[in-house]
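Just so it is clear, none of the values below were taken in a lab; they were calculated from the coordinates. Model, not experiment: these values are computed from the prediction. Cβ sites come from the backbone with ideal geometry, for glycine too, and all protein chains shown count toward neighbours.
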Amino acid sequence: MRIERHAEVEAFLARAGAFLEEREAEHNLIFGLSSTLARDPNAYGSDPYLATAEEDGRVVAAALRTPPHNLVLSESDDDHTWEAFAADAYAADAALGGVLVPTAGVAPFVETWRGLTGADARQARSQRIYRVEDVSRVDEAPGAMRAFAADDRELALDWLEAFFEEEFGGPDAVAAERTLHNRTSDPAGGVVLWEDEGVPVSLAGFGGPTPNGIRIGPVYTPPELRRRGYATALTAALTRALLERHRFCFLFTDLANPTSNGIYMRIGYVPVADVEEWRFDY
């Protein structure tokens, strides 16, 4: 097993692209982050970690990290991949804060990382990747989808901060600003709102194209406006619009939130794979 690092995202995709596309849904996040880096190498503020695991001249796994964010690992059918990436990621940055890893790779990666660093490891979230090709009929909600406008900026930032507080345990103004910038500056991406009687009631972003698809997220409705069907209607409308230009749409859900998982399945999204986010404390 050999880990090969790549200095540029173009070289990384030239080597790993065919492997990643074999399971495009599972690798939609790696493709999406790569598309952002190809457009703006400084989008995340630090040089990325881009690596492939190779065996007998063929790619068997890939990994990407945009420091200080989590390491993202691809699927792999080789049981030795996880330990090899842990060792190489340790050589790159012994203070790695976390990893997003397919469920099968959790134990070997985390145990190897613990052995190398002595870090305490804790599971932060279990997530599910979904894919859709055709939208099911859903109950309509009052209102309609519209595009993001400059006047929506303050509201969108407030809602994105609230989204990050719910998802990660604390408001993050920097992450909200970066998310809004990345979505609105992405030629394939954007932000949309569901508006009811002239008032915005729900928000969704999309971007990070893959060879045949695009990812939806984040999706956020303020707590006082939930259970009225706004998020379902917005996600369904956005998905329909995107499927006019893409074969697939993808999204991630938190498995601890049965409501959102149920919403997306009613729209027509089907589960593809589970991944786990683990955090390391030193």
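Quick look at the numbers
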{"read-out": "Length released on extending from Ala95 to Ala256, taking residue separation times 0.36 nm less the Cα-Cα span", "value": "55.2 nm"}
{"read-out": "Amide H contacts of Phe250 (H built 1.01 Å from N, under 5 Å, at least 5 apart or other chain)", "value": "Ile214, Arg215, Ile216"}
{"read-out": "Column: log10 I(q)/I(0), Debye, Cα scatterers of the range 87-137, q = 0.26 Å⁻¹", "value": "-1.11"}
{"read-out": "Gap separating the Cα centres of the range 1-65 and the range 70-85, nearest whole Å", "value": "12"}
{"read-out": "Per-residue [θ]222 nm for the chain (sum of -39500 (n - 2.57) over DSSP H runs n ≥ 4, rounded to 500)", "value": "-11500 deg cm²/dmol"}
{"read-out": "Whole-number percent relative contact order across the chain, with pairs defined as alpha carbons under 8 Å at least 6 apart", "value": "24"}
{"read-out": "Rg(Cα) / (2.2 N^0.38 Å) computed for the range 124-168, rounded to two decimals", "value": "1.63"}
{"read-out": "Computed Kirkwood radius, in angstrom, where 1/r is averaged over Cα pairs of the range 1-80", "value": "12.6"}
{"read-out": "Karplus (6.51, -1.76, 1.60) ³J(HN,Hα), θ = phi - 60°, over the range 189-197, in Hz, Gly and Pro reported as x", "value": "x, x, 9, 10, 10, 9, 10, 10, 6"}
{"read-out": "For peptides 137-149, 86-98, sequence by mean Cβ density within 10 Å, most packed first", "value": "86-98, 137-149"}
{"read-out": "10 Å binning of all Cα-Cα separations within the range 1-155, expressed as whole percents from 0 upward", "value": "9, 35, 31, 15, 9, 1"}
{"read-out": "Antiparallel DSSP beta bridges within the chain, percent to nearest 5", "value": "90"}
{"read-out": "At 1.306 mPa s and 10 °C, Stokes diffusion of the range 106-243 via Kirkwood alpha-carbon radius, µm² per second", "value": "95"}
{"read-out": "Descending semi-axes in Å of the range 176-282, equivalent ellipsoid built from Cα gyration tensor", "value": "21, 19, 17"}
{"read-out": "Virtual spin-label span in nm between Asp79 and Ala188, 7 Å along Cα→Cβ", "value": "3.6"}
{"read-out": "The chain: translational diffusion in µm²/s, Stokes-Einstein, Kirkwood Rh over Cα pairs, 10 °C, 1.306 mPa s", "value": "82"}
{"read-out": "Listed residues Pro108, Pro209, Pro48, most fluctuating in the chain (Gaussian network, C-alpha, under 10 Å)", "value": "Pro108"}
{"read-out": "Of the GluC sites (Glu not before Pro) in the range 173-270, those whose Cβ has at most 15 other Cβ within 10 Å and which sit in DSSP loop", "value": "Glu197, Glu244"}
{"read-out": "Taking Trp159, Trp194 and counting other C-beta atoms within 10 Å, the order from fewest to most", "value": "Trp159, Trp194"}
{"read-out": "Most fluctuating residue given options Val174, Val272, Val135, as computed from a GNM of the chain linking Cα atoms under 10 Å", "value": "Val174"}
